[in-house]
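Here the structure comes first, spelled out in structure tokens, and everything after it is commentary.
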Amino acid sequence: MQEFQFGPIIFREECVFHKEIRLGDPVTISLEMLKSKRDFSRWTISHTVFRDKDTVAAILTIEGAWLDTGKRKLILPPVEAVKIFSLMPVGENFIWAE
């Protein structure tokens, strides 16, 4: 991202906590795209934090876009980001945004 002078900008972040995680608990995180523009310029991604592989400890939802870090302006994502986002798992109720 530094080489191409771009990065994510977060507009909204929400975390809903369900269960406690203690030091030493095994933790896994899954992610899925919930919403995106077709060009992946704006998106909503959900991260589910699991304790012990099957207990949901938290759900983190992030809404964001891409920023030109030099010009400090919103941009369309570079081809490399589009490739990665097009492979991202989507949620059951995924929607393409206008």
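The values are calculated or read from the model by the stated rules, or taken from the named source; none is laboratory data. Since the structure is predicted, the reported quantities are computational estimates derived from the model, not experimental observations. A quick note on method: Cβ atoms are made from the backbone with ideal geometry, for glycine too, and the neighbour counts reach across all protein chains shown.
Answer yes or no as to whether Glu20 is under 20 Å from Val90 (Cα atoms) and either of a type in the set (D, E, K, R) or assigned to a strand (DSSP E or B) (or both). Considered against the rule, which asks whether it is under 20 Å from Val90 (Cα atoms) and either of a type in the set (D, E, K, R) or assigned to a strand (DSSP E or B) (or both), Glu20 comes out as no. Restricting region 35-59 to residues that are basic (Lys, Arg) and over 19 Å from Ile95 (Cα atoms), the residue that is modelled with the lowest pLDDT is Lys53. Beta carbons closer than 6 Å, at least 6 apart along the sequence or on distinct chains, pair a first residue in region 62-76 that is in contact (Cβ under 8 Å) with a residue 12 or more places away in the chain with a second that is assigned to a strand (DSSP E or B) and acidic (Asp, Glu) for Ile62/Glu13; Ile75/Asp68. All of Glu13, Glu32, Glu3 fail the test of being more than 19 Å from Leu87 (Cβ to Cβ) and at pLDDT 95 or above, apart from Glu13.
Considering Asp25, Asp54, the condition of being without any contact (Cβ under 8 Å) to a residue 12 or more places away in the chain and either more than 30 Å from Gly70 (Cβ to Cβ) or touching a Phe, Trp or Tyr at 6+ places or on another chain (Cβ under 7 Å) (or both) is satisfied by Asp54 alone. Within region 70-80, the presence of a residue that is within 25 Å of Val27 (Cα to Cα) and surrounded by 14 or more Cβ atoms within 10 Å (Cβ to Cβ) is excluded. Looking across region 25-38, the residues that are in a strand (DSSP E or B) and surrounded by fewer than 17 Cβ atoms within 10 Å (Cβ to Cβ) come down to Val27, Thr28, Ile29, Ser30, Leu31, Glu32, Lys37.
What do you reckon, is Leu87 farther than 27 Å from Glu98 by Cβ, loosely packed, with under 15 Cβ neighbours inside 10 Å and among the aliphatic types (A, V, I, L, M)? No: the conditions fail for Leu87.
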